[in-house]
Structure formats: structure tokens, C-alpha cells
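Just below is one structure, and these are the notes that go with it.
The values are calculated or read from the model by the stated rules, or taken from the named source; none is laboratory data. Model, not experiment: these values are computed from the prediction. Every residue, glycine as well, gets a Cβ built from its backbone with ideal geometry; the counts of neighbours run over all protein chains shown.
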Amino acid sequence: MQIILARSLTGTLPADQLMFARSIFMMVVIIHVSWTSSISYTNVDSMLYIVYGVLNVAGIYTSYIALIFTTTGNVNAVTMNLVIPTAILSYFILEESITSRLSIPIFVINFVGIVLIANPSFTTEGDMNEIYSDLIGVSLSFASLISIALSRIVGRKCSLRGSLDSSLMTIMSGVVGMSFCIFMLISGSSWKMVSTLSDSFKLFLFSTSALLSNQFTVLGVKYEQANNIAILCTLSVPLAYLASLILFNEVPTLLNVIGAMMVLGSTLVSYFIF
């Protein structure tokens with residue numbers, strides 16, 4: 001829902017303002033922080049919280065930029081395709097197991113799916129500007145994917161250390177996001193006013209969905225293996241393509257559909273083998 005609402009506001013507000021609105025709403029959860037909790041935070045814990053905020057903001061902001069270049073379905077299909085990086089990072093950083101011999105073929109199928117979603121020029125004939133635009137959009141989405149996956153690994157690391165407060169982690173994302181947006185504003189970034197009631201309502205829904213998404217994701221990482229959460233997130237792929245077709249008339253190509261099916265199929269199979 002967050003990426004769909006961001007797409008609907010792309011022509012009205014720049015990515016900086018979307019991030020600022022998201023960050024403001026993140027601060028609402030300050031009332032739920034366990035200030036009197038018995039949890040003792042070390043310097044390492046504090047650093048992990050900061051790193052989470054930076055990675056989370058970088059990943060989400062990059063996905064907003066990607067919407068300028070390619071379709072909503074393509075952006076969502078790549079950014080929510082968290083299985084490959086999450087599984088690999090979980091294995092090396094968190095020592096979560098990957099025992100199946102089918103892992104490598106599944107990873108290859110998944111990666112090929114991403115390549116097909118990008119509509120590479122050697123597989124299609126058409127306007128080169130459109131082809132390069134899709135390639136840039138999917139490349140940005142892939143960068144967003146890596147950053148988001150890393151942020152969830154950091155969240156899971158905090159959970160394993162017994163120092164995870166989901167509200168405090170959400171606030172850290174808000175603080176980093178607001179700091180970044182203020183810097184962009186000082187640097188001369190152009191900001192626009194929301195001029196219609198419809199856009200104001202969509203901005204409210206966008207910020208609320210972003211807040212809830214972050215909260216539930218952190219809570220999920222707290223109680224589940226990071227890779228299981230990544231698998232569940234990928235289930236949004238067909239819904240995003242359907243929504244982009246209905247709401248924005250963004251018709252996916254045959255390669256998009258095949259790539260998305262490879263991504264979704266390999267993800268569902270990985271649920272049973274990881």
C-alpha cells in the first residue's frame with residue numbers, strides 16, 4: 001500500500017517530502033517507547049539502532065526515486081524480493097541456517113526474474129529511452145532491496161542481543177529521515193505545498209501505512225527468522241502489479257510477468273527449503 005500511495009503522489013510531491021511526511025509519523029510512536037524498561041543499551045546497541053535508521057531510510061528513499069523511472073509493479077517486485085539478500089546476509093551475519101542443496105538454483109531463478117523485470121535491451125525491441133528508464137528504475141530498486149534487507153538483518157541482530165525495542169527503532173528511522181530531509185531543504189531542494197484535499201488524504205494514508213509497515217516488520221523480525229519475514233513480503237508482488245494496472249494504467253510486459261512469476265515462485269519454494 002505504501003508504494004502505491006507513493007506512486008500516486010509522485011507527480012505532486014518530490015521524494016524528499018514523502019520521506020519527511022513518513023518520518024514525522026514515525027515520531028508518533030515515541031509514546032510507546034519503554035523509557036523505564038530494564039533493558040540496558042550498550043554502545044554497540046546504540047550504533048546498531050543508528051545503522052538501522054540509516055539503512056532503512058536509504059532503502060525506502062531510493063524506492064521512491066525508482067518510481068520516477070519504472071512502474072509501481074516493477075519497483076515493488078524488486079524491493080520486496082528480499083529472499084536472496086536476506087538469506088545470504090542472515091547466513092553470514094546471523095548464522096541462520098541454509099541447509100538445502102536447492103538453494104543455489106533457487107537463487108539463480110530469483111535473480112533471473114529480477115533481470116527480466118528490468119526489460120533488458122537484448123530481450124526487447126522498443127523505445128530505447130523507455131528501456132533505459134526501466135533499467136535505471138530496476139537498478140535503483142535493487143539498491144533499495146539491498147539496503148532494506150540489511151536494515152532487517154540489523155533489526156534481527158538487535159533482537160538476538162535482547163535489546164530490540166520496535167518503537168525506538170521506528171523513532172530512529174524517523175530521526176534519520178527528518179535529518180536527511182532538513183539537509184536536502186537547506187541544500188536547495190524544492191518543496192511543494194499539498195494543494196487539494198484528495199492529496200492531503202492520500203499523504204495521510206501514505207504516512208500511516210509507512211508507520212504501520214515499519215512497526216509490523218520490526219516486530220516480525222523480533223519474533224521470526226529474518227528470511228521468513230522476507231518471504232511473506234514478497235507475496236505483495238502480484239497485488240502491486242494488479243493495483244498499478246487498475247489505478248495507473250501501467251500495463252506490464254510479458255517479460256515483467258514472467259520475471260515476477262519467477263521471483264514469486266522461487267520465493268514460495270524457498271519457504272519450504274530454508
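Among what's in segment 180-194 and is outside any loop (DSSP other than H, G, I, E, B) and among the β-branched types (Val, Ile, Thr), pick the residue that is modelled with the highest pLDDT.
ILE182
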Report task. Determine which single condition TYR64 fails, assuming it passes every other condition in (1) at pLDDT 90 or above; (2) more than 16 Å from SER147 (Cβ to Cβ). Result -> (2)
Query - Which numbered condition ASN76 misses (of (1) part of a helix (DSSP H, G or I); (2) touching a Leu at 6+ places or on another chain (Cβ under 9 Å); (3) at pLDDT below 80; (4) polar (S, T, N, Q)) - result: (3)
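So that you can scan it fast, the table gives a plain yes or no per residue for (1) closer than 21 Å to ALA77 by Cβ; (2) under 20 Å from the mean Cα position of the chain (by Cα); (3) modelled with pLDDT under 90:
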residue	(1), (2), (3)
MET128	no, no, yes
TYR132	yes, no, yes
SER139	yes, yes, no
SER144	yes, yes, no
SER163	no, no, yes
LEU168	no, yes, yes
VAL175	no, yes, no
MET178	no, yes, no
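Every residue, every condition in (1) among the hydroxyl-bearing types (Ser, Thr, Tyr); (2) crowded, with 17+ Cβ neighbours inside 10 Å; (3) modelled with pLDDT of 75 or more, yes or no:
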| site | (1), (2), (3) |
| --- | --- |
| SER209 | yes, yes, yes |
| ASN214 | no, yes, yes |
| THR217 | yes, yes, yes |
| ASN227 | no, yes, no |
| CYS233 | no, yes, no |
| VAL251 | no, no, yes |
**Report entry** Residue among LYS202, LYS222 that alone is modelled with pLDDT under 80, part of a helix (DSSP H, G or I) and of a type in the set (D, E, K, R)
**Finding:** LYS222
Requested in this report: Among the numbered conditions (1) in a helix (DSSP H, G or I); (2) over 19 Å from ASP16 (Cβ atoms), tell me where LEU164 comes up short.
Outcome: (1)
